[in-house]
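A.B. asks: Take a look at this one; I'll ask things after.
Only the coordinates and a few stated rules stand behind these numbers; no lab work does. Please read all numbers here as calculations on a predicted model, not as lab measurements. Cβ coordinates were reconstructed from backbone atoms using ideal geometry, including for glycine residues, and neighbour counts include every protein chain displayed.
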C-alpha cells in the first residue's frame, strides 16, 4: 500500500495539515499566523489532533465486553488500551480538495486485529473561512456492535502573542474519576482544576480563549467533553460521544446501514481585536 503524504488545506485565514500516515491526525492548524496545536511529547498520544475510535479514553481491564463476551485489547500507551484502534495507524485519503480531506481506515478485517467486528472508520476535515468542520463515523460491514467516538486536540497554552489559554466550559456537571482514572458513574458539581475529567455538555458548546490573540469555540453533537489540563505547555479539549469506558457501560450501537456518527464545528474569532487581513485572496 502506498504511503499517504501529508495534505495541506487552506482557507482565507487558516491552513490545516493532515497526516494520514500518523493516525489521520491534524499535525498543524495555523490561524492568522498562529499555530494552535501543541507537540507535548513524541508518543502517538502526545501531539496534534487525532480521531479516537471505536472508543475514546481508557477501557476498564483493557477489555470491550458485548453480549456476554469479552474482547481483550492490547495496551497502546503505558499499561492502557487507550483512545481506540486508529490514532497510531495509517489511513487512506478518499477525497481531497483545496479545503476538504476525507479519510478512511479498515479495522477488524484481519485475524491479527483484536477488534472483533469488521468495520470502516471515516474522518472528514473541512476548512472554512472562519472555522473547521470535523466529522467521524464508524460503519459496520457485517455485525451489530458498540462504538463511541471523539477527537483529541492538543492545544498550545501560549500562542506567539496574547495571554495564556483560558477554558470556556459552561458545563454544570462532571463525572468524577476514581483511582483507576475511569468515571465512577456519579455526577458532581465541577470544582477547580486541573482536570483529567469528563463533563456533561448539554448545550453542545465548549471553547478556549487566548486573550489578545483569538477565541476558539466548538459546537458539537457530542454529549460529553473530556478536559485534560494538567500539563504546563498544553491542554486538551476532547468532544466525545461517551466518557471513557462508556463502550462497556452505555454504548451507542453500530449495525449495517446504521453508522455511529459524531460532528464538531470549531470556529475562531477575534473579539478583542480587529480581524486580520486574509492570508490569501
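A.B. asks: Can you tell me the length gained on complete extension of the stretch residue 120 to residue 157, counting 0.36 nm per residue apart and subtracting the Cα distance?
C.D. replies: Details: separation 37, 0.36 × 37 = 13.32 nm, distance 3.42 nm.
Between residue 120 and residue 157, full extension yields an extra 9.9 nm.
A.B. asks: Can you tell me, using C-alpha contacts under 8 Å and at least 6 residues apart, the relative contact order of the chain as a whole percent?
C.D. replies: Result for the chain is 20 percent.
A.B. asks: Additional query: By its C-alpha gyration tensor, with a ≥ b ≥ c as the square roots of the eigenvalues, how is region 21-93 shaped: rounded for a/c under 1.5, else prolate for a/b larger than b/c, else oblate?
C.D. replies: prolate
A.B. asks: Follow-up question, since we're still on this one. Given R₀ = 35 Å, what would the calculated FRET efficiency be for residue 267 paired with residue 111, taking r from the Cβ atoms and rounding to 0.05?
C.D. replies: The pair residue 267/residue 111 has a calculated efficiency of 0.20.
A.B. asks: Here is a follow-up. Please list the equivalent ellipsoid semi-axes of region 7-269, computed as the square roots of five times the alpha-carbon gyration tensor eigenvalues, in descending order and whole angstrom. Walk me through the intermediate numbers first.
C.D. replies: Working: eigenvalues 155, 103, 50 Å².
For region 7-269, the semi-axes come out at 28, 23, 16 Å.
A.B. asks: For residue 70 paired with residue 180, estimate the spin-label separation in nm (one decimal), with each label point 7 Å from Cα along the Cα-to-Cβ line.
C.D. replies: It works out to 1.0 nm between the two label points.
A.B. asks: While we're on this one: Suppose each label sits 7 Å from its Cα in the direction of the beta carbon; what would the residue 61-residue 253 distance come out to in nanometres?
C.D. replies: Reported label-point gap for residue 61 and residue 253 is 2.2 nm.
A.B. asks: Also: With labels modelled as points extended 7 Å from the Cα through the Cβ direction, what inter-label distance (nm, one decimal) is found for residue 12 paired with residue 166?
C.D. replies: Taking the simple label geometry, residue 12 and residue 166 are separated by 2.7 nm.
A.B. asks: Restricting to Cα atoms and excluding each atom paired with itself, what does the Kirkwood estimate give for region 13-168 in Å?
C.D. replies: 16.7 Å
A.B. asks: Further question on the same structure: For region 197-256, report the convex hull volume of the alpha-carbon atoms normalised per residue, in Å³, without decimals. Before the final figure, lay out each step's value.
C.D. replies: Details: hull volume 7.2 nm³, N = 60.
Looking at region 197-256, the number lands at 120 Å³ per residue.
A.B. asks: Then there is this: Work out how much length residue 35 to residue 92 would gain on full extension: take 0.36 nm times their residue separation and subtract the Cα-Cα distance, in nm to one decimal.
C.D. replies: So the extension gain works out to 18.0 nm.
A.B. asks: Could you line up 94, 119 from fewest to most neighbouring Cβ atoms inside 10 Å?
C.D. replies: Working: 94 13, 119 26.
Starting with the residue having the fewest Cβ neighbours, the order is 94, 119.
A.B. asks: Still on this structure, I have one more. Return the inverse of the average 1/r over all pairs of distinct C-alpha atoms in region 84-205, which is the Kirkwood hydrodynamic radius, in Å to one decimal.
C.D. replies: So the Kirkwood estimate lands at 17.9 Å.
A.B. asks: Here's something else I'd like to know. What is the order of 82, 105, fewest Cβ neighbours within 10 Å to most? Write down the numbers at each step before the final one.
C.D. replies: Numbers: 82 23, 105 20.
Fewest-to-most ranking of 82, 105: 105, 82.
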